[in-house]
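Engineer: One structure, pasted below without further comment.
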Amino acid sequence: MLEPKIRAPKNRGFYVRMKLLPSKHGRSSVPQLEKKSFFYRNCKWVLWLSLSLYFFSSYLISNHPNQNNNNKPTSLSKTHFSSLASRALYESTTNNITQKQGLHFNGLKIFVYDLPAKYNTDWLKNERCSTHLFASEVAIHRALLTSEYLTVDPYEADFFFVPVYVSCNFSTVNGFPAIGHARSLIASAINLISTQYPFWDRSHGSDHVFVASHDFGSCFHTMEDVAISDGIPGFLKNSIVLQTFGVKQKHPCQEVENVVIPPYVSPESVLRTLEKSPVIGRRDIFAFFRGKMEVHPKNISGRFYSKRVRTMLWRKYNGDRRFFLQRHRFAGYQSEIVRSVFCLCPLGWAPWSPRLVESVALGCVPVIIADGIRLPFDDVVPWAEISVNVAEKDVGKLAEILEHVAATNLSAIQKNLWDPRVPRALMFNDRVHEGDATWRVLSALANKRARSYRSSRVSSQ
């Protein structure tokens, strides 16, 4: 009799091999087969040819490109993908990475506007632009441009990133970023993209993403009362803003769809510090703070800086040997953080501070003194398990509070804090790394897909 066997060589489909078996009487059946017709003598070749044609035709049908592209124009004026050839190249590229993208955020795609240099890269002539505490606007832009989530076809995009650097106009008087130009610069960028592209108008900006990485976020002012008075500019109120400012209570400067992001801390500077002093090394400073602490609480504006908190810290604990408090700048201050058990993170003009990120990255327990602060990525970073929160009114009891923590659950806090995933979530890199700050931004955007014009069209079909 005949017994078919199926074999599957690597990447070559499969074919049928016919094996001739002895009959039950022990005699070969070959002579009988030779007497059959031509078809029987050549059946294995016929079967092989038929199956080959079948699978080859199936492959052509299943991989034939969809010709129904009537819903998309084949070109756009003043864009970088107007030719059919470039579009074909784009599609073949994205097909190759679709499987990889599917692992995270269900194939999320971001289009980054290619704006004139005056909106972003011209500011990089000053090196501080890409390294200071507001530099997340630069880091996110760079990371997206090299990310697997980038798309060069805006019709395939879920969100649109508008790269405008507003925090790099450093004052020649005091060296601090001056952001008086922020509103006009962003308004100009929006006018440009809405004139040259159709995507802003079709969603009224709801799927467009901006960064506001300074004191009071999208209110674009360093003083809270002025920021509140000015409010968020109308042209941004329907968009998504990535901002360092966030509080739990209602506040005019967060009355926009927003994601609270960490301030920028250079990952290179952290790595250099940890190469000399590892996280699990000796910590001989009990409580540390270096920064502005006014001896006289009122500044030139007549307002209390840090709501007097920093002044109270200096007055109460400057002579306390358990506290290492310094009012003057020191370039190597990270070497002091990595030697400290507790790092004080009091509010300044705004509630947030780069000390939050530096403390976590260098393994020092952050002591947060900023009532009502909304912390970055609080849905994934276990802030309650890695930090100590002290009410502003309780600064006078700070020493007793920290002594109690040290005597009870300090080891548990440090164990949670020293989990590498925690600092990774708060650090921006030039390229997206799984679990880092830009990756967390992408995760937050993936959860806001309902705001995307493309996603809403797909879900309604």
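The values are calculated or read from the model by the stated rules, or taken from the named source; none is laboratory data. Predicted model only: the values in this text are computed from it and were never measured. Note that each Cβ is placed from the backbone with ideal geometry, even for glycine, and that neighbours are counted across all protein chains shown. For the accessible areas, the whole protein counts, side chains as well, though only heavy atoms, and no ligand, DNA or RNA atoms are used. Shrake-Rupley method; radii C 1.70, N 1.55, O 1.52, S 1.80 Å.
Engineer: Counting Lys and Arg as +1 and Asp and Glu as -1, each charge on the Cβ, what is the dipole of segment 122-271 about the Cα centre in debye, to the nearest 20?
Structural biologist: Computed charge dipole of segment 122-271: roughly 260 debye.
Engineer: How long is segment 111-198 along each principal axis, judged by its Cα atoms, biggest number first, in Å?
Structural biologist: 45, 28, 17
Engineer: Still on this model: According to the Cα gyration tensor, what semi-axes, each the square root of 5 times an eigenvalue, does the equivalent ellipsoid of segment 267-425 have, listed from largest to smallest in whole Å? Mind showing how you got there, number by number?
Structural biologist: On the way: eigenvalues 116, 58, 54 Å².
Equivalent-ellipsoid dimensions as semi-axes: 24, 17, 16 Å.
Engineer: How about segment 400-435: which GluC sites (Glu not before Pro) there lie in a loop by DSSP and see at most 16 other Cβ atoms within 10 Å?
Structural biologist: Working: sites: GLU400, GLU403, GLU434; in loops: GLU434.
Of the GluC sites (Glu not before Pro), the ones in loops of segment 400-435 whose Cβ has at most 16 other Cβ atoms within 10 Å are GLU434.
Engineer: Continuing with this model, one more query. Report ³J(HN,Hα) in whole Hz for each residue of segment 256-261, in order, from the Karplus equation J = 6.51 cos²θ - 1.76 cosθ + 1.60 where θ = phi - 60°; Gly and Pro get x.
Structural biologist: Taking θ as phi minus 60°, the curve returns 7, 4, 9, 10, 7, 10 Hz for segment 256-261.
Engineer: If you don't mind, there's one more thing I want to ask. First measure r as the distance between the Cβ atoms of ARG322 and HIS296, then evaluate 1/(1 + (r/R0)^6) with R0 = 22 Å and state the FRET efficiency to the nearest 0.05. Spell out each step's value before the answer.
Structural biologist: Numbers: r = 25 Å, r/R0 = 1.14.
Here the calculated transfer efficiency is 0.30.
Engineer: Leaving out ligands, DNA and RNA, and with a 1.4 Å probe, what % of the accessible surface on segment 147-234 is carbon or sulfur? Please report the intermediate quantities before stating the final value.
Structural biologist: Numbers: 1550 of 2890 Å².
Ligands and nucleic acids excluded, carbon and sulfur reach 54 percent.
Engineer: Which links in LYS109/LYS448; LYS125/LYS292; LYS248/LYS316; LYS307/LYS393; LYS276/LYS415 stretch past 18 Å when you go from one Cα to the other? Please list the in-between numbers first.
Structural biologist: Working: LYS109/LYS448 13 Å; LYS125/LYS292 28 Å; LYS248/LYS316 29 Å; LYS307/LYS393 10 Å; LYS276/LYS415 21 Å.
The answer is LYS125/LYS292; LYS248/LYS316; LYS276/LYS415.
Engineer: Tell me, what is the per residue accessible area of segment 93-243 in Å², probe radius 1.4 Å?
Structural biologist: Values: 5920 Å² over 151 residues.
Accessible area per residue: 39 Å².
Engineer: Here is a further query. Express in nm, to one decimal, how much length is gained between ALA399 and LYS250 on full extension, taking 0.36 nm for each residue of separation and deducting their alpha carbon distance.
Structural biologist: Working: separation 149, 0.36 × 149 = 53.64 nm, distance 3.15 nm.
50.5 nm is the gain from fully extending ALA399 to LYS250.
Engineer: Per residue of segment 145-158, in order, report the coupling 6.51 cos²θ - 1.76 cosθ + 1.60 (Karplus, θ = phi - 60°) as ³J(HN,Hα) in whole Hz, putting x for Gly and Pro.
Structural biologist: Each residue's phi maps through the Karplus curve to give 5, 10, 8, 5, 8, 6, 10, 8, 10, x, 6, 9, 7, 7 Hz.
Engineer: Just want to confirm a number: the relative contact order over segment 122-234, from Cα pairs under 8 angstrom separated by 6+ residues, in percent.
Structural biologist: Details: 111 pairs, mean separation 27.0, N = 113.
Relative contact order for segment 122-234 comes out at 24 percent.
Engineer: Let me ask something else about it. Quick check on segment 206-255: what does the Kirkwood estimate of hydrodynamic radius come out to from the alpha carbon pairs, in Å? Numbers along the way, then the final one.
Structural biologist: Working: mean 1/r = 0.0927 Å⁻¹.
Kirkwood hydrodynamic radius for segment 206-255: 10.8 Å.
Engineer: Still on this structure: In nm, what is the difference between 0.36 nm times the number of residues separating ASP430 and ARG457 and their Cα-Cα distance?
Structural biologist: On the way: separation 27, 0.36 × 27 = 9.72 nm, distance 3.27 nm.
That works out to 6.5 nm of additional length.
Engineer: Amide H of LEU242 versus every other amide H placed in the peptide plane: which residues, excluding those fewer than 5 positions away on the same chain, fall under 5 Å?
Structural biologist: It is PHE210, VAL211, ALA212, VAL259, by chain and number.
Engineer: Taking amide hydrogens as modeled 1.01 Å from N in the peptide plane, which residues meet the under 5 Å criterion relative to PHE323, leaving out close sequence neighbours?
Structural biologist: none
Engineer: Work from the charge dipole of segment 267-425 (Cβ charges, +1 for Lys and Arg, -1 for Asp and Glu, about the Cα centre) and give the residue of MET312, LEU417, ASN389 farthest towards its positive end.
Structural biologist: MET312
Engineer: Would you mind telling me the share, in percent, of accessible area of segment 267-425 contributed by carbon and sulfur at probe 1.4 angstrom?
Structural biologist: Numbers: 4210 of 7960 Å².
Roughly 53 percent of what the probe reaches on segment 267-425 is carbon or sulfur.
Engineer: Using the heavy atoms of the protein chains and a 1.4 angstrom probe, tell me the accessible area per residue for segment 267-425 in square angstrom.
Structural biologist: Details: 7960 Å² over 159 residues.
Result: 50 Å² of accessible area for each residue.
Engineer: So for each of 408-417, 258-267 I average, over its residues, the number of other beta carbons within 10 Å; can you give me the resulting order with the highest mean first? Can you show the working numbers first?
Structural biologist: Working: 408-417: 14.4, 258-267: 23.1.
Output ranking for 408-417, 258-267: 258-267, 408-417.
Engineer: Here's another thing I want to ask about it. In whole Hz, what ³J(HN,Hα) sequence does segment 326-339 give by Karplus (6.51, -1.76, 1.60; θ = phi - 60°), x for Gly and Pro?
Structural biologist: Each residue's phi maps through the Karplus curve to give 9, 9, 10, 6, 8, 4, x, 5, 5, 5, 7, 4, 5, 9 Hz.
Engineer: Compute the length gained on full extension between ALA391 and ILE228: take 0.36 nm times their separation in residues and subtract their Cα-Cα distance, giving the result in nm to one decimal. Mind showing how you got there, number by number?
Structural biologist: Numbers: separation 163, 0.36 × 163 = 58.68 nm, distance 2.34 nm.
Answer, rounded to one decimal: 56.3 nm.
Engineer: Is there a quick way to get the dipole size of segment 290-428? I mean about its Cα centre, with the Cβ of Lys and Arg at +1 and of Asp and Glu at -1; what is the value in debye to the nearest 20? Before the final figure, lay out each step's value.
Structural biologist: Details: 21 positive and 13 negative charges, 133 e Å.
Computed about the Cα centre, the dipole is about 640 debye.
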